[in-house]
Amino acid sequence: MNTHTRLGLAILVMLLSPALKAQCQIEGAATLYQLESRIETYSLSNGLTVHLLPLEDKHTLTIASQFTVGARNETKGQTGYAHLFEHMLFKGSEQAPGDTYAQQLSALGARFNASTHFDYTNYYVTLPSQALALGLFLEADRFIRPDLTETTVKNQQETVLQEMAQTIDNQPYVRSAMEFLLAQVKDTPYGHGIIGSREDITQASPERLIAFHRAHYRPDAMQLSLVGKLPSDVKSLIAQYFSAWPTPNQPIAKFDELKINPKPVHAELIDERGPWPGLLLAWHTVGKNHPDAAAIRLLEGYLFQNTRSALAQISLHDPAQMLSYSLPFELENHGITNLVLVPRAKTSLNALTDMVLALVKQTQQTRISNATLCQLKQTWLNQRLGQLDNTQSLATLLSAIDKQDQAHPLTAQWERVNAVTTADIQRVALQYFTPNMVRVDLLPPWYIRFGKTLLEWLPTGVSDDLEDAVL
């Protein structure tokens, strides 16, 4: 069924079902269908998948590339290689040595960057549309023929180690909490951090990184998306620079869904640099392609993640926490819902935990209303529509499309979300948000803990005044 037909049927159902329309009026979904109808997806003979979305009102275009290689592909002794290699791809290729890539694109006013994750690595460059040929030439050359020298490897090793120190080692609680959480999935492809270990990064060599490139950077593991003002010869340019890239003989690595048997875990992590206690709660859920993934995403939003969440509603007046933050891990083969809370002076970590568990229990015992579910779907859709505002986010989104959604890259996930019922929300709350969760108490030095305990026993007004004075 093509996109035009699907859009027509969706509108027809809404028109012929007044009760359904009154129950849940979602605004903006038609935009997804209309934009999707303009996307062309095809594959080169070597397996590289291409997405084209022409937008004639733009003066620029974005080239986004995603490879199915990330931290999960790293073997023992290789931790951090995917991230280190991402850095290397900005430091020279066969026909664009050294800093040529950055120099030529910067001269055009282009924007470019990359990021590494557990399941994938992505790259993008946004540049003037008339520079498409140059952009494709530079992207193909560095992906296919990177130039790794002793000097550039050493320089990027130092850069990554500095990044490790700045973002992990010099931040209170981060290193210990990260290692503790990774230990919960020990002996799985996700059992080590994306940035890797200092030892493995230090011992990386050009030969080892070249072998990593040959094994994992391959056309059939890549999605290439071009969004913006596209010239008429865009397909021939793509073929010119990418079609000769051979496909390796060995198959792409496959990863099964993690078999985790959740159990209650409670740990205390003390950091002498910690300024204040914190609480981390986490539940094992499912991978992003699992049938329950859509319902879990909506449940996370309902409980923790927006200004209308259950947590936000009970925190409108006299909140128990100074800060709450939730950024779930949505991996291909596993999922983790997490929540970080920083307590008020008068609130203990036990009280915070009880408060969160009470919200979860209420959702398990009583179905949310249809109106609330409609709001959750509208919020999800609004966030997705926000990704369509510029060529960079849209191209990056297209390059991240799963195989199951290739035919309908913008609407397939929305239709799964829109199919979620209030019964689904209650069911996944009961199934996944059980007492078999991970709780980590992030604790500062003893004297701060001691002072915090005293404040918990003081009258509310007194503890609030002292807290305000300290803050």
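Laboratory data are not the source of any read-out in this text; all were calculated from the coordinates shown. Predicted, not measured: the structure shown is a model, and the values here were computed from it. All Cβ positions, even for glycine, are placed from backbone atoms using ideal geometry, and neighbour counts span all protein chains on display.
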Can you give the Rg to Rh ratio for region 262-357, taking only C-alpha atoms and Rh from Kirkwood?
0.99
Grab the Cα-Cα distance for L458 and S205, subtract it from 0.36 nm times how many residues apart they are, and report the gain in nm with one decimal.
85.2 nm
Taking loop as defined by DSSP and a crowding limit of 15 other beta carbons within 10 Å, which trypsin sites (Lys or Arg not before Pro) in region 162-215 fit?
K186
Filtered hits (aspartates and glutamates, Cα-Cα < 18 Å from K259, offset >= 8 within chain) -> D119, D187, D292, E330, E332
FRET efficiency estimate (nearest 0.05) - Cβ-Cβ, M322 to E27, R0 35 angstrom
0.50
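Where does region 387-432 land on Rg/Rh, using Cα atoms and the Kirkwood Rh?
Numbers: Rg = 14.1 Å, Rh = 12.5 Å.
Rg/Rh for region 387-432 comes to 1.13.
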At most 14 other Cβ atoms within 10 Å and a DSSP loop assignment: could you name the trypsin sites (Lys or Arg not before Pro) in region 296-378 that fit?
R308
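Convex hull over the alpha-carbon atoms of region 266-321: what's its volume per residue in Å³?
Numbers: hull volume 7.1 nm³, N = 56.
Measuring per residue, one finds 128 Å³ for the Cα hull of region 266-321.
For region 148-271, what is the per residue volume of the convex hull drawn over the alpha-carbon atoms, in cubic angstrom?
Working: hull volume 25.2 nm³, N = 124.
Convex hull volume per residue, Cα atoms: 203 Å³.
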Give a residue-ordered list of calculated ³J(HN,Hα) values for region 56-70 (Karplus: 6.51 cos²θ - 1.76 cosθ + 1.60, θ = phi - 60°; whole Hz; x for Gly, Pro).
5, 7, 9, 9, 10, 9, 10, 9, 10, 10, 10, 10, 7, 9, x
Suppose a student asked you for the relative contact order of region 275-327, using Cα pairs under 8 Å spaced at least 6 residues apart; what percent would you report?
18 percent
Based only on Cα atoms, what mean projected area does the convex hull of region 20-79 have, in nm²?
9.0 nm²
Calculate I(q)/I(0) for region 98-220 by the Debye formula, one identical point scatterer on each C-alpha and no solvent, and give its log10 at q = 0.12, 0.21, 0.23 Å⁻¹ to two decimals.
-0.60, -1.37, -1.45
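Under the Kirkwood approximation for Rh and a Cα-based Rg, what ratio Rg/Rh is obtained for the chain?
Details: Rg = 24.6 Å, Rh = 24.8 Å.
Value, to two decimals: 0.99.
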Give a residue-ordered list of calculated ³J(HN,Hα) values for region 34-44 (Karplus: 6.51 cos²θ - 1.76 cosθ + 1.60, θ = phi - 60°; whole Hz; x for Gly, Pro).
5, 5, 4, 5, 9, 8, 10, 10, 8, 10, 7
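Please compute the contact order of the chain in relative form: average sequence separation of alpha-carbon pairs under 8 Å and at least six residues apart, divided by the residue count, as a percent.
Values: 758 pairs, mean separation 101.7, N = 471.
That works out to 22 percent.
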Please provide three numbers in whole Å: the alpha-carbon extents of region 301-442 along the principal axes, with the largest listed first.
52, 32, 30
For region 71-142, the percent of all C-alpha pairs falling in each 5 Å bin, from 0 up to the bin holding the max distance, is 3, 15, 25, 22, 15, 11, 6, 2, 1
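With only Lys, Arg, Asp and Glu charged, each at its Cβ (+1 for the first two, -1 for the last two), find how big the charge dipole of the chain is about the Cα centre; round to the nearest 20 debye.
Numbers: 38 positive and 46 negative charges, 191 e Å.
Dipole of the chain, to the nearest 20 debye: 920 debye.
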Could you work out how far helix 132-144 tilts from the main Cα principal axis of the chain, as a 0 to 90 degree angle to the nearest 10?
80 degrees
Only residues of region 169-195 count here: report those whose backbone N is under 12 Å from the spot 7 Å along Cα→Cβ of V265, or say none.
177-188, 191-192
Find me the longest stretch of the chain that has none of the exposed GluC sites (Glu not before Pro), where exposed means in a DSSP loop (not H, G, I, E or B) with at most 15 other Cβ atoms within 10 Å.
273-471
